Amino acid sequence: MPIDELDAAIAEAVIGIDTLWGGDVMNPSGAGRFIADSWFSDQPLPPAYAHASAAALRSCGGVGAGAAAEVPAGAYLGAVDLRGAIGRMLEAARAEGGLRGAYLEGLSRCCEVMLDLAMEVLGRGPRVPYERCVHTLTGTAPSPSEPEARRRRVADLLAAAGHAAHDGESLLAAVDEWRAERRVPAKSIAAIGDAFVARYDALSARNLVPFMPREFEHVPRANVRFLAIENAWFSGSMNYLGRARRADGSPEYEATYELNAALEISVPEFEQLVSHEVAPGHVTTFAYLQDLYVRGIVGFEATVLTMNTRSSVLFEGIANNAILIAHGVTEPAELPDRDLELGVLLALLQDDAKNQASWLTWQEGRPQHEVATVLRSDYLVTRERAEKLSGPWGRHPLLGRMMLPAYRAGTELVAGLRRRHAPEAILPALFGARGIVDAVTIGRAL
């Protein structure tokens, strides 16, 4: 059916911000995407995507490309009224009211910050305060991570596994030895990935599906292909496509998962990654939202899900708790295997490290080499992750100030909600069955 004025404003604002930062929502690879994670509606793309100036801006990499982006960005901003689209979305959100209105107001506010950050990078606006970025995104002020409790538990588990440590340096060596003994062979990623996808889809059928509305039973939760990608700046990218259709016109809910071929990861950490990215994490979350949109239960905003927004905070929180949801527990210590608990704790420390990279870079102004050293020693990440998080991620004017804090914030939010609420109450709310929600509005759906 045709979209209305509000839907058009949502599409123009989100795709416009995505294009401004160099993203292409129609690119099947995460290497070509940026803000917009999906476009699974059958609607035509908005003028913000199709305008002649958009292709030139995408081809140069968006405003993050520096001087090369000044001319194409100027042409694009002169042709596409992004601030006007955001304003129309915000005005309509206030008129809409209720849960949807609150969600759209949060989306509008995050788009405003992303536009202002772009203007800062282009030298057309003032510096955007770090606190504004984080507070708009998460609803809370920025703060440093506190890894001590998880690191102590990691040390205990390593000692029990035969890798005792007596100080920080030997603990890091013990983690590296533990990973090396359990490293996923690069050429076996696809096969191991398929096995874990089947396992976690089955666990989701046992510990998620019974608490969800019966209409979700037909939705494929894990229609995904694993792909290796060379020289990626990310550890992995879930690319929700959602545009394939069956003969009857219904969606196939398809996605790909691209894994950095250089990633050093143990089998337990990889198991956590599969639950995070596929079932019952991102692929399941997006498939449920697509189904809700197709059935007319949620609005058009569900088809253009985004990074650097309050919804992404919630999505990362769901994904980081997905392995616990799959096993029907609320704490890593309740998982059935201590190697798996250790892998989960190392993954959670990596997300604590993402927040800390943001804090050290933008709050304290620390140089990259100092940030990398802290991430490696205090958060036990690999050298490859320490360099990426302190560099391409942490120092990026948008990802460093908005996306990196989302992981820890979402993880703590969802973990707390699951401790306080029964699964029949919290799981339908998290996955959108009571209306699409974000990190700030989730309480309204409970």
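The values are calculated or read from the model by the stated rules, or taken from the named source; none is laboratory data. What you see is a predicted model; the values in this text were computed from it and never measured. Cβ sites come from the backbone with ideal geometry, for glycine too, and all protein chains shown count toward neighbours. To get the accessible areas, we keep the full protein, side chains included, count just its heavy atoms, and leave off ligands, DNA and RNA. Shrake-Rupley method; radii C 1.70, N 1.55, O 1.52, S 1.80 Å.
Annotations for the structure displayed:
- Hits in region 395-440 - residues which are within 14 Å of THR138 (Cβ to Cβ), in a loop (DSSP other than H, G, I, E, B) and either open to solvent by 10 Å² or more (accessible area, probe 1.4 Å) or aromatic (Phe, Trp, Tyr) (or both): ALA439, VAL440
- The residue that is most open to solvent (accessible area, probe 1.4 Å), among those in region 162-182 that are under 15 Å from LEU345 (Cα atoms) and not basic (Lys, Arg), is ASP176.
- Helices (runs of 4 or more DSSP H) fully within region 1-117 that include at least 3 residues being farther than 24 Å from VAL437 by Cα and open to solvent by less than 40 Å² (accessible area, probe 1.4 Å): 52-60, 70-79.
- Neighbours by Cβ (under 6 Å, 6+ apart or cross-chain): first from region 99-120, under 20 Å from LEU398 (Cα atoms); second among the charged types (D, E, K, R): GLY106/ARG310; GLY106/ASP438; GLU120/ARG127
- Pairs with Cβ under 8 Å, 6+ apart, first in region 53-76 and at pLDDT 95 or above, second open to solvent by 10 Å² or more (accessible area, probe 1.4 Å) and charged (D, E, K, R): ARG58/ASP24
- Some residue of region 253-260 being hydroxyl-bearing (Ser, Thr, Tyr), closer than 26 Å to LEU289 by Cβ and open to solvent by 20 Å² or more (accessible area, probe 1.4 Å): no
- Residue that is least open to solvent (accessible area, probe 1.4 Å) [pool: residues in region 123-143 that are more than 16 Å from TYR407 (Cα to Cα) and not in a helix (DSSP H, G or I)]: VAL128
- Residue check for TYR288: open to solvent by less than 10 Å² (accessible area, probe 1.4 Å), hydroxyl-bearing (Ser, Thr, Tyr) and in contact with a Pro (Cβ under 7 Å, 6 or more places away or on another chain): no
- Counting only residues that are open to solvent by less than 10 Å² (accessible area, probe 1.4 Å) and either touching a strand residue (DSSP E or B) at 6+ places or on another chain (Cβ under 6 Å) or within 13 Å of ALA198 (Cα to Cα) (or both), region 267-283 holds 6 of them.
- For the residues ALA255, ALA222, ALA279, the requirement of being at pLDDT 90 or above, among the aliphatic types (A, V, I, L, M), under 27 Å from ALA433 (Cβ atoms) and touching a Leu at 6+ places or on another chain (Cβ under 7 Å) singles out ALA255.
- Screening region 231-336 for helices (runs of 4 or more DSSP H) wholly inside it with 3 or more residues that are in contact with a Gly (Cβ under 7 Å, 6 or more places away or on another chain) and either under 26 Å from VAL440 (Cα atoms) or touching a residue at least 24 places away in the same chain (Cβ under 8 Å) (or both) returns the ranges 267-277, 282-294, 310-320.
- Remark: pairs (first residue in region 150-165, on the phi < 0 side of the Ramachandran plot and modelled with pLDDT of 95 or more; second residue open to solvent by 70 Å² or more (accessible area, probe 1.4 Å) and in a helix (DSSP H, G or I); Cβ separation under 6 Å; 6+ apart in sequence or on different chains) = LEU157/ARG338; HIS163/GLU177.
- Those residues of region 349-394 which are part of a helix (DSSP H, G or I), of a type in the set (Val, Ile, Thr) and surrounded by fewer than 24 Cβ atoms within 10 Å (Cβ to Cβ), in sequence order: THR373, VAL374
- In region 152-190, residue farthest from the chain's Cα centre (by Cα) [restricted to those that are of a type in the set (A, V, I, L, M, F, W, C), in a loop (DSSP other than H, G, I, E, B) and farther than 16 Å from TYR379 by Cβ]: ALA164
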